[in-house]
Amino acid sequence: MHHPGDVGDLFSSLSDAEHFGDFAFVGRYDGAAGLAEGFAEAAEAVFSARQDQEWANDRLLLPIACNYRHALELALKQGA
């Protein structure tokens, strides 16, 4: 495994053939539009989970807002 930047010894012990099963397959995103959908879905999931609780966890408001804002930013970037 090679990285174009300077990552030091972070990946030096890994070889593609030896540890291939240890890598996560995240899937394919359709550019900024796919990432925007992912951030919006994450915000909606956290928001829905928050609504299902007996008491509101206010610490989740900022992460929800940031996910929606990032989704909007990526969607706007896709249209530019």
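Annotations for the structure displayed:
- Exactly one residue out of 43, 32, 17, 56 is small (Gly, Ala, Ser), under 13 Å from the mean Cα position of the chain (by Cα) and modelled with pLDDT under 85, and it is 32.
- Residue ID - least open to solvent (accessible area, probe 1.4 Å), chosen from residues in the stretch 28-52 that are part of a helix (DSSP H, G or I) and either touching a residue at least 60 places away in the same chain (Cβ under 8 Å) or among the acidic types (Asp, Glu) (or both): 44
- Every residue from the stretch 53-80 that is in a helix (DSSP H, G or I), open to solvent by less than 60 Å² (accessible area, probe 1.4 Å) and of a type in the set (S, T, N, Q): 67
The values are calculated or read from the model by the stated rules, or taken from the named source; none is laboratory data. Keep in mind the model is a prediction, meaning the values are calculated, not measured. Methodologically, a virtual Cβ is constructed for each residue, glycine included, from the backbone with ideal geometry; neighbour enumeration extends over all protein chains shown. Quick note on the areas: whole protein, heavy atoms, side chains included, nothing else; ligands and nucleic acids left out. Shrake-Rupley method; radii C 1.70, N 1.55, O 1.52, S 1.80 Å.
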